1. Would you calculate the volume per residue, in Å³, of the smallest convex hull containing every Cα atom of region 1-68?
2. Quick one: V50, V56, fewest Cβ neighbours within 10 Å first, how do they rank?
3. Taking the Cα centre of region 4-63 as origin, sum charge times position over the Cβ atoms of Lys and Arg (+1) and Asp and Glu (-1), and report the length of that vector in debye to the nearest 20.
4. Could you check the spin-label model distance between L52 and D3? Points 7 Å from the Cα along Cα→Cβ, value in nm.
5. For Y49, Y41, Y8, what's the fewest-to-most ordering of other Cβ within 10 Å of each Cβ?
6. Just rank E17, E9, fewest to most, by other beta-carbon atoms within 10 angstrom.
7. For the chain, what is the calculated [θ] at 222 nm in deg cm²/dmol (nearest 500), taking -39500 (n - 2.57) for each run of four or more DSSP H residues and dividing by its residue count?
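All of the numbers you see were taken from the coordinates with simple rules; none came from a lab. Quick caveat, the model's predicted, so the values are computed rather than measured. Reconstructed Cβ throughout: ideal geometry from the backbone, glycine too, with neighbour counts over all protein chains shown.
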Amino acid sequence: MNDWKKIYESTNPFKAELAKAFLVDEHQIDAVVISKRDSSYLIGICEVYVHLQNAVLAKFLLDNEAGLENYE
């Protein structure tokens, strides 16, 4: 994952998946969600990663998308 950059994180996995879907479906930017949540206690975070060359644009798009607050 050396050529990937984290651009979004949330304690809510649904928001992380929404961010990923927004980037992939609306802007054709490859994105992945990495879950760092404990499955037993449901605590932790989910992170959204994109390729380095798309990181600035993807961060800008998410920062300006209504409904997706910055880091929680």
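1. That works out to 74 Å³ per residue.
2. Sorted ascending by nearby Cβ count, the order is V56, V50.
3. Around 180 debye, computed over region 4-63.
4. Modelled inter-label distance: 0.9 nm.
5. With the fewest neighbours first, Y49, Y41, Y8 line up as Y41, Y49, Y8.
6. Fewest to most other Cβ atoms nearby, the residues stand as E17, E9.
7. Taken over the chain, the calculation gives -7000 deg cm²/dmol.
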